[in-house]
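*Asks:* Below is a structure I'd like to ask you about.
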Amino acid sequence: MAAGEPAQCPRCLLGLAMTPPPTATGPAAPSIAELQPLFPDYQLESLVGRGGMGIVYRARHHKLDRTVALKLLLPDLVGDPQFVERFEREAKALAKLDHPGIVRIHDFGTAGSFCFLVMEFVDGATLRDLLAAGHLSPADVLGMAPQLCDALQYAHEHRIVHRDIKPENILVDSEGRVRLADFGLAKLLGQDSAAPGLTRTRQGLGTPHYMAPEQVQSANQVDHRADLYSLGVVLYEMLTGQLPIGRFQPPSAKAAGVRGFDPVVMKSLENDPALRYQAASDVGRDVRAAGTAGASGTATPPIPPTHRAQEPARHEAPAERPRAMELPWHAWLCTGIVFLATFVTWLRIDSQPTLVEHLRGIGSVSGNAWQVAILHVPAWLLFFYALGISALSTLRGAGLQVPAGLPLLATSLASVFLIYAAVAIERSDEVTCGFGMILTLLTFLVWNATELRRHGLPSLQRHSAVRTRRHRSARRR
Amino acid sequence: MGNGTFHTTRWSLITRAGASEPATAARALGELCELYWLPLYAFARRQGRDDHAACDLVQSFCAELLEHGGLAGANANVGRFRNYLLGAFRHFVDNTQRSARAAKRGGAVTTWRWDDAAERYALAVRGEPDPRQAFERQWAMALLERAQQRLREEHATPSKQELLAALQPHLLGAHDRTGAADVALHLGSTEGAVRVALHRLRTRLRELIRDEVAQTVAEPGEIDDELRALQAALAAP
């Protein structure tokens, strides 16, 4: 811009000057003069941000000659000794996080009526600031998202869930490196429902758009997968500049050149945690892969618009749907055992009057064993196959297209069969028949329990809870 | 940009300390005049004067302003410097016409850039129907030019100059996705870094514009009102 060159759109410049600065919202900030005596080790320089979590000042540590961010938490909470204790415990855990993608905590404590955290000062902008100028390019997302995933993976490995991932908490420094701030503070400030100031904190948290459905439902019962949902919302916003609200469409319907990201984003945004990614590292891997695919021009096939519009909650791209052959080997083993057991079982039923009466456990079948076997085997196969898929998808988050209620239904049906088998043993001399079924079911249940132990998920409770949530969220829409 | 430093802005200094420290007030007034002479020139031109007459008139007015630290008959408590200056200028023009005296040329204003006034006026004031509107538009333009000049001064080192030059076209561009990529390529930087730099540049320009407006109003609360008024002036047909 040389002198004398016509100025840029003057009205736009005046408009720029009228937009509120990032520090304009949030709680009233105490003045620097007021705070300075409380922090003799630091020279407080300027107010840099206000938000639901507290007020941030730029400060300089005298002895270390280091610029830091001094974050003050809600003053009201210091009166609560339990809060202070919890704050110190949590802060100690957070201070142990040491990752280039996570804002480091140098110090913490209480001063006057404030709890404070001294953090690394990131000289840059928040992702919110960058998004204010519009959505980002796929290259930007490729540059930033994997860094975010690495940081999240690291924290999750240390059993720390962020709980409040949103563009305001994602900082980008002047080199374009990404850092996550405010780990665990949402939990700290939202945990104790009796704590004074909680309401204000909640309001301060602001938009629930970044929260996973299960987090909206019950903030205390979330795991790291809630972070992955929030990450999905952030990715969606980075790519499109919009939030995925209600019946949202995949990113590629809103922005050009981002089709490769559709499957990653949509899988992150699954309402059911079991259907989401199970680890941040997986999201990072797929984002990188999406970038590679985008670069080599092999984008995933487009999603039909009608599907997008009508199936907002389960809108994975077809490429995501695994084929039957991709099921793990124990699913096939289970199916094989079922087949054999059923076949052996029903071979012996050759003297009962009718099929219907046999099924009711009365009388005897008049047809021969082969007829009965041919009728029953496919039914049993189908049943256990469905059960296997349901359990697999729920436990492993394999992204299969299975309704969340199916495992519950299948397990209920299995129970009915179990009762029926028990009745058959008692009422008839067809002992083999009953034992066959019981053995089959036990095999399946043992396998299921092994999987449960490996993944540590409360299977049935989760299934039903997920189903309830899905119904509720569907109703909200 | 501090509300904390607001009490030192020129206009509040003139209105509050004018009586007790006339020399300081006069200097502040002179600085503001220097920044906003073109709007007065535009006003004079729209009233039908030619280039030469308009230059003479504005120069005389400014000389008198500097000499007296203000103008007899003009009310310094009208709120904003923009209104005050225009009021004072009108008053001065009336007086000049009434006494039909020749405008005196003041030595104190020789450093001002008069040579390109006609050219800049012709470039910027096309189609403005009345003198007041011409004045207000030119006022807004002068204010923005001053803010941008300060931004340039802050980016005087070669590397910063290059950054500013590369980002300048994108300063106001929302949803400009390819821009950042091009600039990153040009500067050998990453897109993320370019976006951050762009954001900081915007934030700084915003602060500078607000600071320039703050220099011309009496209270910090008036900044947004003044910005709106200037926007309205620019929007008028």
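*Asks:* Could you calculate the contour length gain from A:Lys254 to A:Asp98, that is, 0.36 nm times the residue separation minus the distance between their Cα atoms, to one decimal place in nm?
*Replies:* Using 0.36 nm per residue and subtracting the Cα-Cα distance, I get 52.5 nm.
*Asks:* Now for a different question. Filter the cross-link list A:Lys92/A:Lys267; A:Lys63/A:Lys96; A:Lys166/A:Lys267; A:Lys254/B:Lys160; A:Lys63/A:Lys166 down to pairs whose alpha-carbon distance in this structure exceeds 26 Å.
*Replies:* A:Lys92/A:Lys267; A:Lys254/B:Lys160; A:Lys63/A:Lys166
*Asks:* If you stretched the chain out fully between B:Asn95 and B:Arg200, how much longer would it get, using 0.36 nm times the residue separation minus the C-alpha to C-alpha distance? Let's see the in-between values first.
*Replies:* On the way: separation 105, 0.36 × 105 = 37.80 nm, distance 4.83 nm.
Residue separation times 0.36 nm, minus the Cα-Cα distance, leaves 33.0 nm.
*Asks:* Quick one: P(r) of the range A:29-120 from all Cα-Cα pairs, 5 Å bins, percents rounded to integers, in order of increasing distance.
*Replies:* Spelled out per bin, shortest first, that is 3, 14, 25, 26, 21, 10, 2.
*Asks:* At a Förster distance of 60 Å, what's the computed FRET efficiency of A:Arg285 paired with B:Arg228, Cβ-Cβ distance as r, to 0.05?
*Replies:* Plugging the Cβ-Cβ distance into 1/(1 + (r/R0)^6) gives 0.75.
*Asks:* Also, I was wondering about something else. Could you work out, residue by residue across B:185-198, how many beta carbons of other chains sit within 10 Å of that residue's beta carbon, and then give the average as an integer?
*Replies:* Mean number of neighbouring Cβ atoms from other chains: 6.
*Asks:* Just grab the label-to-label distance for B:Thr24 and A:His62, each label 7 Å out from Cα along the Cβ direction, in nm (one decimal).
*Replies:* 3.2 nm
*Asks:* Whole-Hz Karplus ³J(HN,Hα) for the range B:182-191, in order, using 6.51 cos²θ - 1.76 cosθ + 1.60 and θ = phi - 60°, x for Gly and Pro?
*Replies:* 4, 4, 4, 5, 5, 8, x, 10, 9, 4
*Asks:* What does the structure give for A:144-151 when I average, per residue, the other chain Cβ atoms found within 10 Å of the residue Cβ?
*Replies:* 1
*Asks:* Per residue of A:122-132, count partner chain C-beta atoms within 10 Å of its C-beta, then hand back the mean as an integer. Don't skip to the end; give the middle numbers.
*Replies:* On the way: counts 1, 2, 7, 9, 2, 2, 0, 7, 6, 1, 3.
Per residue, the average neighbour count from other chains is 4.
*Asks:* Based on the mean of other Cβ atoms within 10 Å per residue, sort peptides B:134-140, A:81-87, B:221-227, A:208-214 so the most packed one is first.
*Replies:* Final packing ranking: B:134-140, A:208-214, B:221-227, A:81-87.
*Asks:* Moving on. With a 1.4 Å probe, what is the total accessible area buried between chains B and A, in Å² rounded to the nearest 100?
*Replies:* 3300 Å²
*Asks:* A further question on this structure: Let me check against my output: what whole-number percent is the relative contact order of the range A:102-174, with C-alpha pairs under 8 Å and at least 6 apart?
*Replies:* Normalised by residue count, the contact order of the range A:102-174 is 41 percent.
*Asks:* At a Förster radius of 56 Å, what calculated FRET efficiency corresponds to the Cβ-Cβ distance of B:Ala165 and A:Leu442, to the nearest 0.05?
*Replies:* Calculated value: 0.15.
The values are calculated or read from the model by the stated rules, or taken from the named source; none is laboratory data. Just so it is clear, the structure is predicted and the values come from calculations on it, not from any experiment. We place every Cβ from the backbone using ideal geometry, glycine too, and count neighbours over all the protein chains shown. Just the protein is used for accessible areas: all its heavy atoms, side chains included, with ligands, DNA and RNA removed. Shrake-Rupley method; radii C 1.70, N 1.55, O 1.52, S 1.80 Å.
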